[in-house]
Amino acid sequence: MTSHATISIEPAGIRWQAMLPVVAVVVVAGFGLLSSDYVVTVLGFAFIYTIFCTGLNFFMGYTGQASFGQSAFAAIGGYGSAILCADYGWEPLLALFATMALSGVAAVIVGFPTLRLRGHYLAMATFALGLIVYEVTIEWTGLTQGYMGYSGIPPLGIAGYELVTVKQQLVALVVLALFGVAVAARLRQSRFGRALASIAGSESAALALGVDIARYKLVAFVIAALYASAAGSLFAHFIGFISPEVFGVTMVVQSFAMLYLGGIGTMWGPTIGAIIVSVLPEALRGLKEMQDIGYTAILIFILIFAPRGLAGLSALFGRVRGRVKEAA
Amino acid sequence: MALLSVREETMRFGGLFANQSISFDVEEGELLAVIGPNGAGKTTLFNVISGFFPPTSGSIQFDGKDITGAPSHQVASAGLVRTYQLVQLFKHLTVAENVEIGSHRVTRGGVFSALFRPEWMRKQEKNVCEGARELLRFVGLEHQADLQADKLPYGRQRLLEVARALAAKPRLLLLDEPAAGLNTQETEALADVITRIQRGGTTVILIEHDMSLVMKIAQRIVVLDFGKKIAEGTPDEIKAHPDVIAAYLGGTETVDA
Amino acid sequence: MPNLVEFLQSVVNGIGVGLIYGLVGIGFCVIYNASGIVNFAQGVFVMLGGMVCQALLTQFGIPLMLAVALTIPLVAISGMIMELVIVRPMMHRGATLFAIILATLAAQIMIERITLLTFGDRPRTYHEFTTGGPLKIGDIAIGYQLFWILGCGALLVLLLWLFFTRTRTGRALRACSQNREAAQLLGVPVARMMLISFALSAALGAVAGILVTPTQYTAYNVGTPFGVNGFIAAIIGGFGRAGGALAGGLLLGVLQALAIVALGAGFKNVAALSALLVVLLLFPNGLFAGFSRGAKAH
Ligand SMILES: Nc1ncnc2c1ncn2[C@@H]1O[C@H](COP(=O)(O)OP(=O)(O)OP(=O)(O)O)[C@@H](O)[C@H]1O
Ligand SMILES: [Mg+2]
């Protein structure tokens with residue numbers, strides 16, 4: 001990249017560029033709306049995963065930490081929403097926020113001791129957290145109905161109005177995913193976001209500049225947990241059924257495949273990755289059986305040959321990542 | 001009253017006294033150099049002052065407050081900012097963003113202000129951005145503002161590190177061998193920057209091996225050898241000090257400035 | 001004292017499974033020492049050991065000793081492939097630590113799924129090496145397989161010790177663990193040492209899997225629990241020390257067996273994982289090292 005003296009950033013130009021992925025997402029969704037319900041379901045997954053990965057990107061991309069156990073918070077969101085709505089007749093939206101709050105609190109409690117760890121130990125500790133919640137969803141049958149799973153979860157809706165068709169729900173998911181990406185971008189382009197980036201860059205330099213790294217790591221972890229929890233809740237409402245397998249190790253690997261394929265640490269990387277990884281196995285019919293093998297193969301390939309992902313390859317998105325300044 | 005006073009500071013690693021009963025004061029606005037042969041304990045002294053580890057014994061006072069053993073980010077927040085002997089840039093970010101992060105200490109706002117962007121926040125962001133440009137001009141990096149930091153040549157990375165530390169508007173700036181690995185020209189430029197920093201009212205402590213640089217810009221010098229302070233005084237006094245000459249003749253370096 | 005028998009019985013069982021954990025833990029250490037990497041796919045070698053051996057025994061009707069003699073090199077080759085295809089190129093390209101960890105985790109899942117597609121999800125087992133038993137001492141029953149586990153485990157530890165102290169390769173591996181750059185400068189072929197460490201570590205996992213399968217069962221997904229428990233064993237022993245890992249494994253095995261008696265088997269994995277967190281947070285340098293230093297960074 002040869003970027004000399006590009007001091008005069010034209011806000012209009014940047015904004016136009018920044019809108020491009022939004023347009024792309026809307027086009028993808030529009031294409032889905034014109035297709036079968038099956039395609040809509042696949043795209044719905046993609047946008048739920050967009051939310052999950054955007055959160056993960058906070059902790060791993062922006063802050064440079066690692067969590068191999070974000071599936072735990074998705075499970076809290078999914079099961080929380082399922083139980084509150086199916087058994088207690090809560091409003092889906094209310095349940096979504098309530099479980100997000102619960103996940104946030106859980107993230108603080110768990111993150112406070114765990115995030116002191118580094119490297120392999122952090123990876124293994126977070127991995128264990130995910131596995132613990134997974135085991136609990138299997139074994140605590142009184143709460144989760146174990147392997148049987150939880151069914152009869154109502155679709156998303158507001159104030160008595162339910163989104164009955166999958167296409168309506170897809171629209172809602174697209175809006176929520178874009179909202180999630182926008183929030184992440186806004187947070188990144190701020191003092192807060194810069195502090196996170198400083199931790200990823202060099203912890204000792206961050207400390208020397210007065211960044212309270214323990215606190216910022218924790219906040220990033222909590223934000224990631226909120227996104228994961230929301231994704232879990234949305235999954236429950238979208239499919240109407242959840243089981244422990246949904247929030248297992250596969251979810252972790254799949255989300256990493258998305259994050260690294262799309263481009264970790266970039267604004268649109270999670271979205272790009274989520275859409276491609278969700279749609280690809282559907283496009284390659286007959287590969288169904290081998291889906292997980294496909295994900296892991298993609299992930300390993302990307303990790304070896306293009307660790308910065310697609311967004312990293314593209315100068316266009318690279319600029320968006322670099323310095324979008326709020327023109328307002 | 002002195003801006004920084006180090007009192008009987010001792011740092012022991014196992015059986016090794018990296019610092020032993022070191023005491024000195026730094027006055028507001030001063031440029032103090034810390035010199036000494038390799039392994040004399042200079043970086044350790046910085047690590048203790050800046051809170052990276054608590055001293056084995058002794059105390060550090062900054063601006064009248066006891067900061068002994070305070071965590072490093074708190075020490076930095078109080079206005080005592082350091083750089084490292086090995087460059088520690090945020091490599092994956094742009095040059096400008098490196099400097100913008102530097103302003104963390106003198107700005108405010110967290111998640112909520114980032115989301116809702118109140119008026120003061122937008123103004124602050126604008127100031128941060130403009131302040132960063134100004135500092136890049138100050139050190140002569142204004143044309144590389146949008147370059148990724150690790151694409152800078154090494155000498156310029158050191159300048160960027162100084163600019164980033166300045167963005168924190170430090171009251172006391174600790175520079176650990178900023179000229180290490182620089183060529184003569186780059187060292188000249190750096191010397192000029194450091195002098196201007198001090199003229200601007202910032203107190204500076206400088207660790208440096210380059211004697212000509214030290215003798216030229218330092219007002220006072222503290223000399224360490226084997227963890228002990230063996231001399232303190234003006235450049236002229238230090239040059240004539242018998243212990244210093246002995247220490248350096250024993251080592252590989254010479255005091256020929 | 002009605003529970004004394006139960007207590008002793010679970011100690012006996014715990015020692016057997018603990019030795020297995022210890023072997024997996026040593027596997028972690030061997031790779032870590034040679035390369036600075038924690039291989040998250042370590043448990044998969046245990047699974048492969050059991051699965052391959054079972055397949056050779058039942059589907060091809062090969063006699064036990066021959067099956068064992070074939071299984072171990074086969075699994076060792078899988079470890080070498082992992083090193084050659086995944087770890088080596090990533091290290092060459094200066095991949096981040098987390099990326100390498102993630103790649104090994106992905107490798108684990110990939111191997112599990114391939115196993116699932118090839119062998120199905122039916123749990124498998126084969127009979128103990130020596131039929132008959134269990135040996136009864138009072139009310140305590142000791143399966144003959146336990147003696148095989150103890151005997152082979154002890155033999156293996158002895159062989160490892162000889163390997164690391166008496167052979168050139170073993171000493172070179174230890175040199176790598178002390179300081180890789182210095183070892184390189186002294187002419188130790190560091191890349192080959194990493195390959196050897198993966199082979200050795202996979203072979204250890206395979207032996208563990210072969211030994212333990214008759215006492216329980218094997219299936220495509222048994223790797224993770226063994227991996228996690230082996231990792232705990234390694235941490236308890238102060239990561240990187242083979243002897244420590246062995247002791248850690250025995251301690252963990254016995255504690256787990258007791259916990260199962262006390263709490264029931266349902267939350268067994270939850271208990272193990274919680275133990276992992278406790279050890280990580282409170283004893284990052286191992287139980288035997290005390291609290292003195294902070295967590296080892298890499
Ligand atoms: N964290 C540590 N643990 C153990 N020993 C240390 C540590 N940090 C420094 N030392 C030792 O303390 C002594 C002083 O080291 P220090 O880095 O302070 O020297 P220095 O004066 O900065 O040298 P240089 O000019 O080479 O940078 C050295 O012997 C060093 O090995
Ligand atoms: Mg030094």
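The values are calculated or read from the model by the stated rules, or taken from the named source; none is laboratory data. Keep in mind that this is a model prediction, so the values were computed, not measured. All Cβ positions, even for glycine, are placed from backbone atoms using ideal geometry, and neighbour counts span all protein chains on display. Just so you know, the surface numbers come from the protein's heavy atoms only, side chains and all, with ligands and any DNA or RNA stripped out. Shrake-Rupley method; radii C 1.70, N 1.55, O 1.52, S 1.80 Å.
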Hey, could you check segment B:28-44 for residues that are out of contact with any helix residue (DSSP H, G or I) (no Cβ under 9 Å at 6 or more places or on another chain) and more than 13 Å from B:Arg12 (Cα to Cα) and say which is farthest from ligand 2 (Cβ to nearest atom)? B:Glu28
Scan of segment B:83-114 for residues that are aromatic (Phe, Trp, Tyr) and either facing chain A (nearest Cβ under 7 Å) or outside any helix (DSSP H, G or I) (or both), ordered by number: B:Tyr84, B:Phe90
Report whether or not B:Leu115 is more than 16 Å from ligand 1 (Cβ to nearest atom), in contact (Cβ under 8 Å) with a residue 40 or more places away in the chain and either within 30 Å of B:Thr44 (Cβ to Cβ) or open to solvent by 30 Å² or more (accessible area, probe 1.4 Å) (or both). no
Name the residue, out of B:Gly79, B:Gly110, that is in contact with a Lys or Arg (Cβ under 9 Å, 6 or more places away or on another chain) and buried (at least 18 other Cβ atoms within 10 Å of the Cβ). B:Gly79
Regarding B:Thr68, is this residue open to solvent by 10 Å² or more (accessible area, probe 1.4 Å), free of Cβ contacts under 8 Å to residues at least 40 places away in the same chain and touching a Ser or Thr at 6+ places or on another chain (Cβ under 9 Å)? yes
Take segment A:207-232 and flag every residue that is farther than 21 Å from A:Thr126 by Cβ and in a helix (DSSP H, G or I). A:Leu207, A:Ala208
Could you check, for segment B:22-32, whether at least one of its residues is under 25 Å from A:Glu203 (Cβ atoms) and surrounded by fewer than 23 Cβ atoms within 10 Å (Cβ to Cβ)? no
Going through (1) open to solvent by 10 Å² or more (accessible area, probe 1.4 Å); (2) hydrophobic (A, V, I, L, M, F, W, C); (3) part of a helix (DSSP H, G or I) one by one, C:Ile232 fails only at (1)
Can you tell me which residues in segment B:33-76 are in a loop (DSSP other than H, G, I, E, B), within 14 Å of another protein chain (Cβ to nearest Cβ) and within 12 Å of ligand 1 (Cβ to nearest atom)? B:Phe52, B:Phe53
Based on what the data block shows, is B:Gly51 away from ligand 2 (no atom under 14 Å from the Cβ), open to solvent by 50 Å² or more (accessible area, probe 1.4 Å), more than 28 Å from B:Ile245 (Cβ to Cβ) and not basic (Lys, Arg)? no
Note on segment B:132-148: residues open to solvent by less than 30 Å² (accessible area, probe 1.4 Å) and out of contact with any Asp or Glu (no Cβ under 8 Å at 6 or more places or on another chain) are B:Val139, B:Leu141, B:Ala145, B:Asp146, B:Leu147
Tally, over segment A:127-166, of residues that are open to solvent by 60 Å² or more (accessible area, probe 1.4 Å) and among the aliphatic types (A, V, I, L, M): 5
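Condition check ((1) more than 24 Å from A:Met124 (Cα to Cα); (2) assigned to a helix (DSSP H, G or I)) across all residues:
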| site | (1), (2) |
| --- | --- |
| C:Cys29 | no, yes |
| C:Ala34 | no, yes |
| C:Val38 | no, no |
| C:Ala69 | yes, yes |
| C:Met90 | no, yes |
| C:Ile101 | no, yes |
| C:Ala106 | no, yes |
| C:Lys136 | yes, no |
| C:Ala141 | yes, no |
Filtering segment B:162-177 down to residues that are more than 16 Å from ligand 1 (Cβ to nearest atom), surrounded by 17 or more Cβ atoms within 10 Å (Cβ to Cβ) and not hydrophobic (A, V, I, L, M, F, W, C) yields B:Arg164, B:Pro170, B:Arg171
In segment B:9-32, which residue that is assigned to a strand (DSSP E or B) and charged (D, E, K, R) is nearest to ligand 1 (Cβ to nearest atom)? B:Arg12
Give the residue that is nearest to B:Asn38 (Cα to Cα), with candidates limited to residues of segment B:230-257 that are of a type in the set (Val, Ile, Thr) and modelled with pLDDT under 80. B:Thr252
